[in-house]
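Asks: This structure is in structure tokens; I'll ask about it shortly.
What follows draws every value from the coordinates through simple rules; no lab data is involved. Keep in mind that what you see is a predicted model, and the values were worked out from it rather than measured. Positions of Cβ are backbone-derived with ideal geometry, glycine not excepted, and every protein chain shown enters the neighbour counts.
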Amino acid sequence: MTPIEILQEFNSCYLKIQAIAQNENWLLLIADKRIDPEAATHLGDVLHYLGEAMGCVEEIVEIKFNQDAEV
């Protein structure tokens with residue numbers, strides 16, 4: 001996979017996980033204490049760290065883009 005493909009996959013995952021975190025059924029599972037309330041924290045952590053990884057890959061993509069633009 002190229003860096004841009006990795007970034008696109010990360011972005012796709014991020015959007016899917018974010019949709020789950022905002023989903024009414026997910027929120028009800030937590031509110032009704034049918035799952036450990038820490039699950040919401042863990043999902044937030046996943047989004048945070050995935051965002052951090054995306055930022056690292058974005059730097060590579062930007063550098064590559066800038067190098068290609070100079071040629």
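Asks: Residue under question is Ile35, and the condition is that it be surrounded by 15 or more Cβ atoms within 10 Å (Cβ to Cβ) and of a type outside the set (Phe, Trp, Tyr); does it hold?
Replies: For Ile35, the condition - surrounded by 15 or more Cβ atoms within 10 Å (Cβ to Cβ) and of a type outside the set (Phe, Trp, Tyr) - is not met.
Asks: Further question on the same structure: Checking Val57 against (1) assigned to a loop (DSSP other than H, G, I, E, B); (2) touching a residue at least 40 places away in the same chain (Cβ under 8 Å); (3) not small (Gly, Ala, Ser), which single condition isn't satisfied?
Replies: So Val57 meets the others, but not (1).
Asks: Counting just the residues of segment 60-71 that are among the hydrophobic types (A, V, I, L, M, F, W, C) and part of a helix (DSSP H, G or I), which one comes out farthest from Thr2 (Cα to Cα)? Walk me through it before giving the result.
Replies: Just the residues of segment 60-71 that are among the hydrophobic types (A, V, I, L, M, F, W, C), to begin with: 60-61, 63, 65, 69, 71.
Remaining after also requiring part of a helix (DSSP H, G or I): 60-61, 63, 65, 69.
On the way: Ile60: 10, Val61: 9, Ile63: 13, Phe65: 13, Ala69: 18 Å.
Checked segment 60-71; the qualifying residue farthest from Thr2 (Cα to Cα) is Ala69.
Asks: Same structure, new question: Would you mention how many residues in segment 6-43 are part of a helix (DSSP H, G or I) and either touching a residue at least 24 places away in the same chain (Cβ under 8 Å) or over 10 Å from the mean Cα position of the chain (by Cα) (or both)?
Replies: Count: 26.
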